[in-house]
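One structure is given here, and the rest of the page talks about it.
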Number of protein chains: 2
Amino acid sequence: MSKSIFYHAGCPVCISAEHDVIDLIGHSNVQIVHLGNDKSKIDEAVRAGVKSVPALVTPKGNVLHINFGASMAEVIG
Amino acid sequence: MSKSIFYHAGCPVCISAEHDVIDLIGHSNVQIVHLGNDKSKIDEAVRAGVKSVPALVTPKGNVLHINFGASMAEVIG
């Protein structure tokens, strides 16, 4: 199974959700991408359909927006 | 480990998220509660902190609101 990708931007809501997602699906099943630290991944996230962070892109390509930390417009800055 | 509880109300966004959650964490790790069919569970969901559906309450008691199907006000009707 390919990994899920968890996109976040370091906000408190993001960090809390990151811990929950890792607890639920396991650290080995999810790649964590911090868009604040790695702005080169922002395009990839937007193309995947991420509209706000934190968000989990599943192996099937579905996007689960979890709670609400920041819009992508805020992340792009 | 105790189970997560996935609360939903039968909306298309809910059903899609339900499939994703089951794919990610496994059917045996999540209890599915359809608040439209089982209105007696609405109080329990609200007390757990569910503000909109679909939402996943983790074994630790954290609430992950996933995408957005309907507010609890709409579910309560």
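The values are calculated or read from the model by the stated rules, or taken from the named source; none is laboratory data. It should be emphasised that the depicted structure is a prediction, and the values quoted were computed from it without experimental measurement. Here the Cβ positions follow ideal geometry from the backbone for every residue, glycine too, while neighbour counts run over all protein chains shown.
Applying the selection to the range A:34-57, what residues are of a type outside the set (D, E, K, R), surrounded by fewer than 19 Cβ atoms within 10 Å (Cβ to Cβ) and under 23 Å from B:Asp23 (Cβ atoms)?
Within the range A:34-57, A:Ala48, A:Gly49 meet the criteria.
Where residues in the range B:7-33 are at the interface with chain A (Cβ under 10 Å from one of its Cβ atoms) and outside any helix (DSSP H, G or I), which of them is surrounded by the fewest Cβ atoms within 10 Å (Cβ to Cβ)?
Within the range B:7-33, the match that is surrounded by the fewest Cβ atoms within 10 Å (Cβ to Cβ) is B:Gly26.
Okay, residues lined up against (1) modelled with pLDDT of 95 or more; (2) β-branched (Val, Ile, Thr):
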site	(1), (2)
A:Cys11	no, no
A:Val21	yes, yes
A:His34	yes, no
A:Asp43	yes, no
A:Pro59	yes, no
A:Val63	yes, yes
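Do we have B:Gly36 as in a loop (DSSP other than H, G, I, E, B), more than 14 Å from every other protein chain (Cβ to nearest Cβ) and in contact with a helix residue (DSSP H, G or I) (Cβ under 9 Å, 6 or more places away or on another chain) here?
So B:Gly36 fits the description; yes.
Tell me which residues, restricted to the range B:58-75, are in a helix (DSSP H, G or I) and surrounded by 13 or more Cβ atoms within 10 Å (Cβ to Cβ).
Passing the criteria: B:Met72, B:Val75.
Looking for something without any contact (Cβ under 8 Å) to a residue 40 or more places away in the chain, over 22 Å from B:Ser4 (Cα atoms) and among the hydrophobic types (A, V, I, L, M, F, W, C) - is there at least one such residue anywhere in the range A:46-60?
Among the residues of the range A:46-60, at least one is without any contact (Cβ under 8 Å) to a residue 40 or more places away in the chain, over 22 Å from B:Ser4 (Cα atoms) and among the hydrophobic types (A, V, I, L, M, F, W, C), which makes the answer yes.
Is the range A:52-61 home to any residue that is hydroxyl-bearing (Ser, Thr, Tyr) and in contact with an Asp or Glu (Cβ under 9 Å, 6 or more places away or on another chain)?
Within the range A:52-61, one or more residues are hydroxyl-bearing (Ser, Thr, Tyr) and in contact with an Asp or Glu (Cβ under 9 Å, 6 or more places away or on another chain).
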